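Here's the structure we're looking at; comments come further down.
The values are calculated or read from the model by the stated rules, or taken from the named source; none is laboratory data. Source: prediction; values computed, not measured. Positions of Cβ are backbone-derived with ideal geometry, glycine not excepted, and every protein chain shown enters the neighbour counts. Accessible surface areas use protein heavy atoms only, side chains included; no ligands, DNA or RNA. Shrake-Rupley method; radii C 1.70, N 1.55, O 1.52, S 1.80 Å.
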Amino acid sequence: MPNNRFAFFNGEIVPIEQAQVSVMTNALNYGTGCFEGIRGYWVPEEEQLLVFQLRAHMERLHRSCRILFMELPHSVDELCALTLELLRREGFREDVYIRPLVYKSDPAIAVQMNGLKDSFTLFALGFGQYIAGSTVRACVSSWRRIDDNIIPSRAKASGAYINSALAKTEALLNGYDEAIVLGGDGQVSEASAANLFIVRSGTLITPPLTSDVLEGITRQVVAELARDRLGLGLVERPIDRTELYVADEAFFCGTGAEVKPIVEIDRRKVGTGEVGPVAGQLVQLYADVVRGRAAEYRQWCTPVYER
């Protein structure tokens with residue numbers, strides 16, 4: 001059961017049970033909304049909760065709204081402040097997941113984005129691993145990734161996640177942990193809710209943003225860590241499905257997934273079938289960064305509690 005007590009709803013922080021919408025809400029009926037997923041990490045030695053890349057997430061939420069004809073009545077600075085206020089009210093002493101959501105709140109039977117009221121809500125809850133275990137077995141899904149000219153890939157649109165849910169459900173029902181989704185051109189796009197990297201001959205490779213992938217914040221963090229800390233070059237280019245089978249390493253990354261090594265794809269071992277040296281180092285590096293243990297990246301972590 002969720003362990004949160006409050007939500008920001010209708011302009012104020014209220015008990016979570018009061019944060020309710022009508023069954024006629026347009027966003028509930030048509031998926032007309034956009035959101036972010038943000039993580040906070042409890043650091044016991046500091047008695048501190050650190051929110052990772054808070055500002056970057058709120059900036060992306062504003063971009064999603066711009067794409068989707070939605071008005072967000074709070075600036076990035078205000079959204080960051082509201083997040084910290086909510087977390088302080090909750091008093092979490094554990095890792096958390098934070099969900100800001102902008103949605104069409106009119107009780108309207110209207111398949112449109114314009115002319116409808118926009119509302120904003122925010123909640124957080126204690127949260128552990130999104131994908132259980134230290135490694136992942138993945139399959140290539142029969143469901144294709146939605147094209148940017150169908151539902152914008154750069155917007156975290158609520159309704160688009162039925163595509164992700166279908167791919168993930170197929171993977172789970174077939175005994176895998178996660179799905180890899182191809183684009184309409186048959187090239188590798190991303191996971192159901194994470195970006196994808198492979199390693200070949202010491203080079204990090206990831207699909208370009210034009211492969212209908214989300215402009216992942218963790219994707220950019222991983223690219224910087226690989227370049228600055230591991231000395232690896234990054235190539236953004238199309239990836240064929242069969243290239244997944246001959247990669248030396250592969251891994252997912254995302255706010256929810258964090259950095260998760262892939263050891264098997266379509267019942268074929270990735271590399272040796274064990275966690276490779278690049279993915280293994282990035283798992284540890286990422287954990288150090290998000291928990292404030294890497295001083296040079298501390299600016300990415302926003303402390304919640306005043307000390």
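Overview of values
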item: Which numbered condition residue 27 fails, given (1) part of a helix (DSSP H, G or I); (2) open to solvent by less than 10 Å² (accessible area, probe 1.4 Å); (3) under 26 Å from residue 162 (Cα atoms); (4) not charged (D, E, K, R); result: (2)
item: Residue ID - farthest from residue 303 (Cα to Cα), chosen from residues in the range 39-59 that are open to solvent by 10 Å² or more (accessible area, probe 1.4 Å) and among the charged types (D, E, K, R); result: 59
item: Checklist (1) open to solvent by less than 20 Å² (accessible area, probe 1.4 Å); (2) closer than 24 Å to residue 253 by Cα applied to residue 119, failing item; result: (2)
item: Tabulated pairs, the range 278-298, first at positive phi, second open to solvent by less than 30 Å² (accessible area, probe 1.4 Å), C-beta under 8 angstrom, 6+ apart or interchain; result: 292/41; 292/43; 292/48; 292/50; 292/301
item: Answer from 151, 109 - the residue that is part of a loop (DSSP other than H, G, I, E, B), closer than 28 Å to residue 75 by Cβ and more than 16 Å from the chain's Cα centre (by Cα); result: 151
item: Flag if residue 131 is in contact (Cβ under 8 Å) with a residue 40 or more places away in the chain, within 30 Å of residue 80 (Cα to Cα) and assigned to a helix (DSSP H, G or I); result: no
item: Tally, over the range 198-235, of residues that are in contact with a strand residue (DSSP E or B) (Cβ under 7 Å, 6 or more places away or on another chain), in a helix (DSSP H, G or I) and over 27 Å from residue 269 (Cβ atoms); result: 1
item: Filter result for the condition that a residue is buried (at least 22 other Cβ atoms within 10 Å of the Cβ) and either hydrophobic (A, V, I, L, M, F, W, C) or at pLDDT 95 or above (or both), over 223, 124; result: 124
item: Count of residues meeting criterion [among the aliphatic types (A, V, I, L, M) and without any contact (Cβ under 8 Å) to a residue 24 or more places away in the chain] in the range 184-225; result: 1
item: Residue in the range 64-75 that is surrounded by fewer than 17 Cβ atoms within 10 Å (Cβ to Cβ) and hydroxyl-bearing (Ser, Thr, Tyr) present; result: yes
item: Number of the condition not met by residue 121 [criteria: (1) in a strand (DSSP E or B); (2) of a type in the set (S, T, N, Q); (3) more than 19 Å from the chain's Cα centre (by Cα)]; result: (3)
item: Residues within the range 275-297 that are over 26 Å from residue 133 (Cβ atoms) and in contact with a strand residue (DSSP E or B) (Cβ under 9 Å, 6 or more places away or on another chain), tallied; result: 0
item: Of all residues in the range 127-148 being among the basic types (Lys, Arg) and open to solvent by 50 Å² or more (accessible area, probe 1.4 Å), the one that is nearest to residue 36 (Cα to Cα); result: 144
item: Exclusive hit being in contact (Cβ under 8 Å) with a residue 60 or more places away in the chain, among the β-branched types (Val, Ile, Thr) and open to solvent by less than 10 Å² (accessible area, probe 1.4 Å), set 102, 96; result: 102
item: Any chance residue 77 is among the charged types (D, E, K, R) and either part of a helix (DSSP H, G or I) or farther than 29 Å from residue 244 by Cβ (or both); result: yes
item: Selection count, the range 154-197, where residues are basic (Lys, Arg), part of a loop (DSSP other than H, G, I, E, B) and either at pLDDT 95 or above or open to solvent by less than 10 Å² (accessible area, probe 1.4 Å) (or both); result: 1
item: Residues of the range 264-292 satisfying the condition of being open to solvent by less than 20 Å² (accessible area, probe 1.4 Å) and part of a strand (DSSP E or B); result: 265
item: Filter result for the condition that a residue is assigned to a strand (DSSP E or B) and not hydroxyl-bearing (Ser, Thr, Tyr), over 60, 55, 39; result: 39
